[in-house]
1. Kindly provide the helix-only [θ] at 222 nm of chain B, computed as the sum of -39,500 (n - 2.57) over DSSP H runs of four or more divided by all residues, to the nearest 500 deg cm²/dmol?
2. Which order, highest average first, do B:102-108, B:202-208, B:155-161, B:255-261 follow once you tally other Cβ atoms within 10 Å for each residue and take the mean per peptide?
3. I need B:L153, A:L130, B:L140 ordered by Cβ neighbour count within 10 Å, fewest first.
4. Taking springs between alpha-carbon atoms closer than 10 angstrom, which of A:S42, A:S252, A:S95 fluctuates most in the Gaussian network model of chain A?
5. Based on DSSP, what percent of beta bridges with both residues in the protein assembly as shown are antiparallel, to the nearest 5?
6. Express in % the proportion of alpha carbon pairs of the stretch A:128-167 at distances exceeding 11 Å.
7. What Rg and what Dmax come out for the protein assembly as shown when only alpha-carbon atoms are used, in angstroms?
8. May I ask for the percentage of alpha-carbon pairs in the stretch A:1-142 that lie more than 17 Å from each other?
There are 2 protein chains.
Amino acid sequence: MKTYFECIPCFMQQALKAGKMTAENDKQLKKILDETGCLIKSFSLESTPAEYGAEVYKLIREITGVEDPYKEIKKQSIEDAKKLYPELKEIVEKSRNRLLTAVRIAIAGNIIDFGVNKKFSLKEDVQRILTQDFAIFDFLQFEKALREARTILYLGDNAGESVFDKLLIEEISDKKVIYAVREIPVINDAVYEDAIASGLDELAEIISSGAKAPGTILSQCNDEFIEIFNTADIVISKGQGNYEGLSDVKRSVFFLLKAKCGVIARDLRVNENDIIIKGINLLPN
Amino acid sequence: MKTYFECIPCFMQQALKAGKMTAENDKQLKKILDETGCLIKSFSLESTPAEYGAEVYKLIREITGVEDPYKEIKKQSIEDAKKLYPELKEIVEKSRNRLLTAVRIAIAGNIIDFGVNKKFSLKEDVQRILTQDFAIFDFLQFEKALREARTILYLGDNAGESVFDKLLIEEISDKKVIYAVREIPVINDAVYEDAIASGLDELAEIISSGAKAPGTILSQCNDEFIEIFNTADIVISKGQGNYEGLSDVKRSVFFLLKAKCGVIARDLRVNENDIIIKGINLLPN
């Protein structure tokens, strides 16, 4: 997905938010905004927003020396999600369609996103998403692909959301599941230790995609990841950042996300706050 | 008032909005955002937001060649406000305190602001403001100052709002009223012809302040305006932009506005959406 004009003020907003959390003083914060402003000129709109984002968070790291501004927030998000886990597990257990319920829960976890200028209330939002209609519903194709699959590449998104992902992975753990995380901390995206803290190592092999962006940008990814990406029977891609990077790839991918911003919604031709399970490049039935 | 960090993403948002209305193509729009981004570095936070804004709108004019992007919108706002005028006049006529009601109406007009990232519904917002509590209420001092005044400098803000101002000026038209507008079009701020179209010339002398910013920046103002500003018995300042420019001046000023953004609200120590009539540098009673 290319960058929309509307993404540009949003980058400034994100720089301000992350800068406020990390800058030592006002001078440093001003420098972050100055440099983010200058960055716009050097970027083409043909790049994905996640690539832009990578540069913004990189310069914040360089200016402040803070490698992981969201470290504590991520820890807290994982704890909060773990507290909800038993309740969510019970919802799956009691549901008529375990897989669909687990998909809904995994999407609900996608609201834990500090890169989007929106507040969220975890418990309420989960409740809403459990009964919300899907704007794109390629669930039957997803179910069918899963039946036939042996290896699944699952692209994680945010820390905390990773605990919600666990509930979906538990439903498909008769397959080999590889859970990919970012190479380095960007916003509150999950890195290796967040996946471990979420208990995902009990069910999946955890790898780094190599991405230093808040999304899966294939040109940034490491060889191991690319190999798995190309050969896995199914790719499940969580969240906006991964969609930004992969919406135009050639292989089949199932995107599970909530459209949290107007730009993503427009690109998907859905409304803001819609939830989707969307398959691309699927084989005809 | 100095510029807050939060103003910076807002400038990008404003550049995007005005750019979309005026740019011939995507390349031009990108250039507007590129240049607005670069501008940040050259600006100190000691400047007022209105000064920043002046530079943003100046570069949009330079890049697009469009002198007045909001021309049609301003015309429409004035027409819409004029349609409401008879109803508003009746509200003043029937009120127990005509002056206070006219002040409320003048403040209600302040919602017609296309520089703020907020939608408004003219009729509903007017109804709300007619009964809303003031967060700062220096009305008694205002009333007293008016009783003793002979000349009043009234600083206009937005086109359309100018029609609402007329209702307040009608209540004080036994004095000499000078209504000041911007020198050139910035956002939807009123310029000379907008004041004429609003019928203000029937009641007041209309002058240009000389300001090329979306606010009264004294260093930009012309000699005639400065002379009047220094000698008028009362200065009535409408809206956020004028507040930004004048909140730290030495003379007495009455600010009438609705705090439409978080930054102005914080500066005034009120809540967003609060309405205020605030006098500064008033003589002790």
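1. Result for chain B: -16000 deg cm²/dmol, rounded to the nearest 500.
2. So the order, starting with the most tightly packed, is B:155-161, B:102-108, B:255-261, B:202-208.
3. So the ranking, lowest neighbour count to highest, is B:L140, A:L130, B:L153.
4. Maximum among the listed residues: A:S42.
5. Once the DSSP bridges in the protein assembly as shown are tallied, antiparallel ones form about 25 percent.
6. 75
7. Rg, Dmax (Cα atoms, Å): 27.8, 88.
8. 68
Every read-out reported here was derived from the displayed coordinates using simple, explicitly stated rules and does not represent laboratory data. Computed from a predicted model, the values in this text were never measured in an experiment. Please note: Cβ atoms are built from the backbone with ideal geometry, for glycine as well, and neighbour counts cover all protein chains shown.
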